[in-house]
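Step one of this worksheet: look at the structure below.
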Amino acid sequence: MNHFLDISEYSAAEIEDILNLAIRLKKEHFSEGNKPLFKGKVLGMIFQKPSLRTRVSFDMAMRHMGGDALYLSPAEIGLGKRETIADVSRVLSGYVQAMMARVFEHEHVVELARWATIPVVNGLSDFSHPCQGMADALTILEKFGSMKGLNVVYVGDGNNVAVSLMQVSLMMGANFIIANPAGYDMPQAAKENGARLAQGDQSRIKYLSDPHEAAKGAHVIYTDTWTSMGQEEETAKREAVFPPYQVNAQLVSEADKDVIVMHCLPAHRNHELTDDVADGPHSVIFPQAHNRLHAQKAVLARLFGVA
Ligand code: CP
Ligand code: NVA
């Protein structure tokens, strides 16, 4: 593995291997502690957008494994503005041992990887959020033991988080059902991924507009913000369209009785997810957030070729 830009670039076997490693590193973390396998390694973290989870979980993942991390804020780097992406990538490649970048355009993280002589990780782009997808799969696996045959239902905007969840769900043998309003579908490139990754009878993809139809038989109900970072000028328009797609107690009551409710966070409480559901018995949103740590340790370990 050279880079970690999008889950669909790996085989199902490779993704499963990373998830198994994440389970092992998590166990190790809570027993004897992780071994210092990242000793001497520094992760450069480029952020063009805000972050709590991605920033802190990557930083802590590096420290727990004996390495270090360096935060580079949007104001500092000016990716593609102060300096070309190609130059940033070649300069950083001589200072740190891996980079993680949170960018607006997916093409920008691809461009970083094109010029880098060190591994590059996508820490969220407008197309996908692969590290989130890995933590989501880890969370589902912990709850159900296997993803095979599960109905993973995503309700809301067909955004970056939906795309990575779709990819990992299909690859791990789950059905992926998305219910979104007209005009808020996943991008065409993601649908093409979905058509390729769906494994016939094993894992199917279904596109719906009715969240209630989607919720029937759901083992996972997942939602995310109606307005992603970078789309702020569309907030009012989106707030008018999305309310029927709110994940609330009624929708959850229509799912399988053991359904888990997921959200990548940050949540806009009582918009896409009501307080009672977010803090209710089906919610796994905090263990899900914590699993970013363990999933990312496994991704980094594979990129560094250790563990
Ligand atoms: N889920 C997630 O990526 O959160 P942050 O934006 O806080 O990093
Ligand atoms: N879809 C959201 C996810 C935030 C973690 C965004 O891109 O803003």
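The values are calculated or read from the model by the stated rules, or taken from the named source; none is laboratory data. Source: prediction; values computed, not measured. Using ideal geometry, Cβ is built from the backbone for each residue, glycine included, and neighbour counts are taken over all protein chains shown. All accessible areas refer to the heavy atoms of the entire protein, side chains included, with ligands and DNA or RNA removed. Shrake-Rupley method; radii C 1.70, N 1.55, O 1.52, S 1.80 Å.
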**OP:** Would you please give the residues with an amide H less than 5 Å from that of residue 260, counting only those at least 5 places away or on a separate chain, with H modeled from the backbone geometry?
**Re:** 220, 221
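How do 176, 304 stack up against each other in accessible area, from largest to smallest, with a 1.4 angstrom probe?
Descending accessible area places them as 304, 176.
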**OP:** Work out the charge dipole of the chain with +1 on the Cβ of Lys and Arg and -1 on the Cβ of Asp and Glu about the Cα centre, then indicate which of 215, 236, 60 is farthest towards its positive end.
**Re:** 60
**OP:** With a/c under 1.5 counting as rounded, go ahead and sort region 1-50 into rounded, prolate or oblate using the C-alpha gyration tensor (a ≥ b ≥ c being the square roots of the eigenvalues; past the cut-off, prolate if a/b is larger than b/c, else oblate).
**Re:** oblate
Original post:
Over region 69-157, what relative contact order in percent results from Cα pairs under 8 Å that are six or more residues apart?
Top reply: 20
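Of the cross-linked pairs 143/297; 27/297; 39/143; 206/257, which ones have a Cα-Cα span greater than 23 Å in the structure shown?
39/143
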**OP:** Would you be so kind as to identify which of 291, 36, 264 lies farthest towards the positive end of the dipole of the chain, taking Lys and Arg as +1 and Asp and Glu as -1 on Cβ and the Cα centre as origin?
**Re:** 36
Original post:
Roughly how big is region 7-59's charge dipole about its Cα centre, with Cβ charges of +1 (Lys, Arg) and -1 (Asp, Glu), in debye to the nearest 20?
Top reply: 320
**OP:** Find out how many positive minus negative residues lie around residue 26, taking Lys and Arg as positive, Asp and Glu as negative, among other residues whose Cβ is under 13 Å from that of residue 26.
**Re:** +1
Original post:
So what is the calculated 222 nm ellipticity per residue for the chain, using -39500 (n - 2.57) for each DSSP H run with n of 4 or more, over all residues, to the nearest 500 deg cm²/dmol?
Top reply: -12500 deg cm²/dmol
**OP:** List the aspartates and glutamates whose Cα lies under 15 Å from the Cα of residue 41, skipping any in the same chain that are fewer than 8 positions away.
**Re:** 59, 68
**OP:** Kindly write out, for region 206-222 in residue order, the coupling ³J(HN,Hα) from the Karplus curve 6.51 cos²θ - 1.76 cosθ + 1.60 (θ = phi - 60°), rounded to whole Hz, with x marking Gly and Pro.
**Re:** 9, 9, 10, 10, 9, x, 6, 5, 5, 5, 4, x, 5, 8, 10, 10, 10
Subject >> All aspartates and glutamates inside 14 Å of residue 237 as judged from Cα atoms, apart from same-chain residues fewer than 8 positions distant >> reply: 157
Subject >> Sequence of 227, 117 when ordered by accessible area, the most exposed leading, probe 1.4 angstrom >> reply: 117, 227
Subject >> Protein-only accessible surface order, largest first, of 115, 226 at 1.4 Å >> reply: 115, 226
Original post:
Between residue 234 and residue 201, how many nm apart are label points set 7 Å from Cα along the C-beta direction?
Top reply: 3.9
Subject >> Estimated inter-spin distance, residue 83 and residue 271, nm [label 7 Å along Cα→Cβ] >> reply: 3.5
Subject >> Karplus 3J(HN,Hα) series, Hz, for region 62-71 with 6.51 cos²θ - 1.76 cosθ + 1.60 (x for Gly, Pro) >> reply: 5, 5, 4, 9, x, x, 9, 9, 10, 8
**OP:** Can you tell me the relative contact order of the chain? Whole percent, Cα pairs under 8 Å, sequence separation 6 or more.
**Re:** 20
**OP:** Return the FRET efficiency for the residue pair residue 63, residue 91: r is the Cβ-Cβ distance, R0 is 22 Å, and the value is rounded to the nearest 0.05.
**Re:** 0.35
Subject >> Cα gyration tensor shape for region 217-307, rounded if a/c is under 1.5, else prolate or oblate >> reply: oblate
Original post:
Taking the Cα atoms only, what angle lies between the long axis of helix 160-171 and the longest principal axis of the chain, rounded to 10 degrees?
Top reply: 80
Original post:
How far, in degrees from 0 to 90, does helix 130-144 lean away from the longest principal axis of the Cα atoms of the chain, to the nearest 10?
Top reply: 50
Subject >> Tilt relative to the chain, helix 285-304 - C-alpha long axis, 0 to 90 degrees, to 10 >> reply: 40
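Keeping the other protein chains in place, figure out the carbon and sulfur percent of the accessible area of the chain, with a 1.4 Å probe.
53
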Subject >> Where the chain is the region considered: accessible area per residue in Å², 1.4 Å probe >> reply: 41
